[in-house]
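A.B. asks: Right, I'll just put the structure down here and ask away after.
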Amino acid sequence: MTFSVPPVTGDDDSETIATRLRNGVGLIAVGAHDGLSARLAEHAGADLIWGSGFEIAAAAGVPDANLLTMTEQLEQCALIARSVGIPVIADCDNGFGNAINAALTTRRFEAAGIAGMCIEDNAFPKRCSFYEGVGRDLVSASEHALKVRACKEAQRRDDFFLIARTEALIAGAGVAEALDRAGRYADAGADAVLVHSKKPDPAQMVEFARQWSGDVPLVAVPTTYDEVSAAELHRIGYGLVIFANQGLRSAIRAVEENLRVLLASGRAADLRDRMVPLARVFDLVGLEQLRADEAAYLPSELTLVPQTLRPSALGGL
């Protein structure tokens, strides 16, 4: 199936994720690790937010290796969901354990208002797909298929969107193994299948899509094969394209470079043209809504942000 990019992205919540994909609409998700990064992705035009396990772990200062608990991941993804008006899909690694753990994960994330989640066939504890020189074990296809079925039977909302992810290509197995696993997960009830590759070119992904005969949409994460565009992936059959970590990686470069400049000169003014003004932060966190709420609900003498203090007046503090 070929997917097309809608003329306007990021503001169509009239249909579920599954419905939009069934209708041939190609979607783009952007990774986030907190409310602000999710809001930036929403403002940029993302259709969905990916509650990135990689980003959330990195923001906590730990490797992406099942070191954070389900509760910690849930807390961040719930915060993300409260911060944006577009659907959030949570990266739930391997479901934080066996099928019973994964079923509980489904109920907790669904209850938090998260639109869907993704579970992968890495054994617990997982290792990030891009880590070199580490053990990489997959559970059997039959075990992961049972985990997928447990998650689907645990959900209470029909529109909760479950992505089953196979790491077969990451683990060094061929396209045939990835296709077999993906087919089993689709048969178990997955709403979409994510096939992951760490090759620098998209040849594996192209071949997988060419041979895929399943009824559910495919999902791609072009982190290493980054020359291919989302539109090209949509055209060959990947309904959902996830840019899973580019936001965090961009932020790290900007912060590192700016802090080097700042500490070398000792003058904050040297960063004036290298960062947003305070007024932009005020806009992103909803200061105008706070002012409106204060005007509506607080006596004038109790307002937290005096009306005379506009962003421009605070910009030099």
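A.B. asks: First select every other residue whose beta carbon is under 12 angstrom from the beta carbon of A209; then total the charges, Lys and Arg +1, Asp and Glu -1.
C.D. replies: Neighbour charge sum, excluding A209 itself: 0.
A.B. asks: Follow-up. Below 8 Å between Cα atoms, with a sequence gap of 6+, how large is the relative contact order for the chain in percent?
C.D. replies: RCO, the chain: 17 percent.
A.B. asks: Return the long-range amide H neighbours of A90 (sequence gap of 5 or more, or a different chain), with a cut-off of under 5 Å between placed amide H atoms.
C.D. replies: Amide H neighbours of A90: G51, G116, M117, C118.
A.B. asks: Over the chain, what is the percentage of antiparallel beta bridges among all DSSP beta bridges, to the nearest 5?
C.D. replies: 5 percent
A.B. asks: Based on the Cα coordinates of segment 208-278, what is the per residue volume of their convex hull in Å³?
C.D. replies: 118 Å³
A.B. asks: Return the distance in nm (one decimal) between the two label points of a simple spin-label model at E288 and E207, each offset 7 Å from Cα along Cα→Cβ.
C.D. replies: So the two model labels end up 5.3 nm from each other.
A.B. asks: Considering all alpha-carbon pairs of segment 251-306, what whole percent are spaced by more than 18 angstrom?
C.D. replies: Everything past 18 Å amounts to 54 percent.
A.B. asks: What are the extents of the Cα atoms of segment 78-226 along their three principal axes, in Å, largest first?
C.D. replies: Largest first, segment 78-226 extends 38, 32, 32 Å along its Cα principal axes.
A.B. asks: Leaving out same-chain residues fewer than 8 places away, which lysines sit with a Cα under 17 Å from that of K126?
C.D. replies: K147, K198
A.B. asks: Mind pulling the per residue volume of the convex hull built on the Cα atoms of segment 11-143? Å³ is fine.
C.D. replies: 120 Å³
A.B. asks: Continuing with this model, one more query. Given labels modelled 7 Å from the Cα in the Cβ direction, how far is it in nm from S265 to E143?
C.D. replies: For S265 paired with E143, the spin-label model returns 5.6 nm.
A.B. asks: Right, another one. State, to one decimal in nm, how far the label point of I252 lies from the label point of M1, with both points 7 Å from Cα in the Cβ direction.
C.D. replies: For I252 paired with M1, the spin-label model returns 3.5 nm.
A.B. asks: In deg cm²/dmol, rounded to 500, what helix-only [θ] at 222 nm does the chain give when every DSSP H run of at least 4 residues adds -39500 (n - 2.57) and the total is split over its residues?
C.D. replies: Mean residue ellipticity, 222 nm, calculated: -12500 deg cm²/dmol.
A.B. asks: Separate question: Which order do the peptides 58-66, 28-36 take when ranked by the mean count of other beta-carbon atoms within 10 Å per residue, highest first?
C.D. replies: Values: 58-66: 16.0, 28-36: 22.9.
Per-residue mean Cβ counts within 10 Å order the peptides as 28-36, 58-66.
A.B. asks: Based on alpha-carbon atoms only, what is the radius of gyration of the chain relative to the globular estimate 2.2 N^0.38 Å?
C.D. replies: Computed over Cα atoms of the chain, the ratio equals 1.08.
A.B. asks: Grab the Cα-Cα distance for L67 and A44, subtract it from 0.36 nm times how many residues apart they are, and report the gain in nm with one decimal.
C.D. replies: Full extension of this stretch gives 5.2 nm more.
A.B. asks: For A168, what residues show an amide H to amide H distance below 5 Å, using hydrogens built from the backbone and excluding near sequence neighbours?
C.D. replies: Those qualifying (amide H under 5 Å, at least 5 residues apart or on another chain) are H196.
A.B. asks: Turning to a different aspect of this structure: Just to verify a number: FRET efficiency for S229 and F130, C-beta to C-beta distance, R0 = 22 Å, to 0.05?
C.D. replies: Efficiency at R0 = 22 Å is approximately 0.60.
Taken together, the values in this text are just the output of simple stated rules run on the coordinates, not laboratory data. Here the structure is a predicted model, which means the values were calculated and not measured. All Cβ positions, even for glycine, are placed from backbone atoms using ideal geometry, and neighbour counts span all protein chains on display.
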